[in-house]
Amino acid sequence: AQSVTQPDIHITVSEGASLELRCNYSYGATPYLFWYVQSPGQGLQLLLKYFSGDTLVQGIKGFEAEFKRSQSSFNLRKPSVHWSDAAEYFCAVGGRSGGYQKVTFGIGTKLQVIP
Amino acid sequence: DAGVIQSPRHEVTEMGQEVTLRCKPISGHDYLFWYRQTMMRGLELLIYFNNNVPIDDSGMPEDRFSAKMPNASFSTLKIQPSEPRDSAVYFCASSGTGGRTNEKLFFGSGTQLSVL
């Protein structure tokens, strides 16, 4: 069964500092990979997704993520964090085989941004 | 489009009462999902529909939970009877995959359920 591990439950960074959120997945082949962001009191919004091709994926709000097959990872990065980036971030994996495959989410990483 | 609309935003009820959560997906989307979010377990998929037909309900915790989608523009998630451990945020999401796997999910703002 597919699964996602986000090892960091909570991360604090200073505004302007760089950010990397970790994500490891378990799946028998190359999966679909996603990062979603949830602001307080809101639903999740897609930041970026990896389907195939270039392993470095660009998303909205200046985020990027790199798919590393050898490490089963899909870490999210941003070179300079803004206070408005404070939110919870979810990595997700979806299967490719057969018809529609449901998406499995990680437990989430809560990002705090300090001045 | 107004996006995925869920109601109510907040629900407080007493143990044993019936709770009904409602969802209107984005027009034209053919997949609808119900998720539950808790601190301990994160975001769990409860059930999803394709063209109004339930496809996978393996995530529904027990028989007290039921979901219906009578038409393409409306779905309900019902808990009867409710228990305190059902307290969580329930999200509805829709997707217009057209049969392709794993396109973008559009989430509603959720229903915060508190069972006392």
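The values are calculated or read from the model by the stated rules, or taken from the named source; none is laboratory data. From a predicted model like this one, the values you see are computed outputs, not experimental measurements. Don't worry about glycine lacking a Cβ; one is built from the backbone with ideal geometry, like all the others, and counts go over all protein chains shown.
Determine which member of the set A:Phe51, A:Phe63 is at pLDDT 95 or above and surrounded by 11 or more Cβ atoms within 10 Å (Cβ to Cβ).
A:Phe63
Can you list residue pairs whose Cβ atoms sit under 9 Å apart, with the first residue in the range B:40-52 being more than 9 Å from chain A (Cβ to nearest Cβ) and the second being among the small types (Gly, Ala, Ser) and buried (at least 19 other Cβ atoms within 10 Å of the Cβ)? Count only pairs 6 or more apart in sequence or on different chains.
The qualifying pairs are B:Leu46/B:Ala67; B:Ile47/B:Ala67; B:Phe49/B:Ala67; B:Phe49/B:Ser75; B:Asn52/B:Ser75.
Regarding B:Ser95, is this residue at pLDDT below 95, within 14 Å of chain A (Cβ to nearest Cβ) and crowded, with 21+ Cβ neighbours inside 10 Å?
So B:Ser95 passes the test.
Going by the structure shown, is B:Leu77 away from chain A (no Cβ under 11 Å), within 26 Å of A:Ile107 (Cβ to Cβ) and part of a strand (DSSP E or B)?
Values: away from chain A (no Cβ under 11 Å): yes; within 26 Å of A:Ile107 (Cβ to Cβ): yes; part of a strand (DSSP E or B): yes.
In short, yes.
Can you say whether A:Ile107 is of a type in the set (A, V, I, L, M), under 28 Å from B:Met40 (Cβ atoms), in contact (Cβ under 8 Å) with a residue 60 or more places away in the chain and surrounded by fewer than 17 Cβ atoms within 10 Å (Cβ to Cβ), as far as the supplied structure shows?
On the way: of a type in the set (A, V, I, L, M): yes; under 28 Å from B:Met40 (Cβ atoms): yes; in contact (Cβ under 8 Å) with a residue 60 or more places away in the chain: yes; surrounded by fewer than 17 Cβ atoms within 10 Å (Cβ to Cβ): no.
Considered against the rule, which asks whether it is of a type in the set (A, V, I, L, M), under 28 Å from B:Met40 (Cβ atoms), in contact (Cβ under 8 Å) with a residue 60 or more places away in the chain and surrounded by fewer than 17 Cβ atoms within 10 Å (Cβ to Cβ), A:Ile107 comes out as no.
Looking at (1) assigned to a strand (DSSP E or B); (2) buried (at least 18 other Cβ atoms within 10 Å of the Cβ); (3) more than 11 Å from chain A (Cβ to nearest Cβ), which is the only condition B:Ser82 fails?
It is condition (1) that B:Ser82 fails.
Consider A:Tyr36 carefully, then state whether it is modelled with pLDDT under 95 and closer than 22 Å to B:Tyr35 by Cβ. Can you show your working first?
On the way: modelled with pLDDT under 95: no; closer than 22 Å to B:Tyr35 by Cβ: yes.
No, not satisfied.
Kindly indicate the residue of the range A:19-48 that is within 16 Å of A:Gln6 (Cβ to Cβ) and either surrounded by fewer than 16 Cβ atoms within 10 Å (Cβ to Cβ) or of a type in the set (Phe, Trp, Tyr) (or both) and also farthest from the other protein chains (Cβ to nearest Cβ) among those meeting that condition. Give the steps one after another, and end with the answer.
Let us first name the residues in the range A:19-48 that are within 16 Å of A:Gln6 (Cβ to Cβ), namely A:19-27, A:31, A:33-38, A:44, A:47-48.
Retained after the next criterion (residues that are either surrounded by fewer than 16 Cβ atoms within 10 Å (Cβ to Cβ) or of a type in the set (Phe, Trp, Tyr) (or both)): A:20, A:25-27, A:34-36.
Details: A:Glu20: 20, A:Tyr25: 13, A:Ser26: 15, A:Tyr27: 12, A:Phe34: 8, A:Trp35: 12, A:Tyr36: 8 Å.
Once the filter is applied, the top-ranked residue is A:Glu20.
Only one of (1) within 13 Å of chain B (Cβ to nearest Cβ); (2) farther than 26 Å from B:Ala88 by Cβ fails for A:Val81. Which number is that?
For A:Val81, the exception is condition (1).
Just one of B:Asp63, B:Asp57 is among the acidic types (Asp, Glu), more than 24 Å from A:Phe51 (Cα to Cα) and away from chain A (no Cβ under 14 Å); which is it? Please lay out each step first, then the result.
Details: B:Asp57 fails: away from chain A (no Cβ under 14 Å).
Only one candidate passes the filter, namely B:Asp63.
Please work out which one of (1) in contact with a strand residue (DSSP E or B) (Cβ under 7 Å, 6 or more places away or on another chain); (2) free of Cβ contacts under 8 Å to residues at least 12 places away in the same chain; (3) of a type outside the set (A, V, I, L, M) is the condition B:Gln37 fails and give its number.
Unmet for B:Gln37, out of (1) in contact with a strand residue (DSSP E or B) (Cβ under 7 Å, 6 or more places away or on another chain); (2) free of Cβ contacts under 8 Å to residues at least 12 places away in the same chain; (3) of a type outside the set (A, V, I, L, M): (2).
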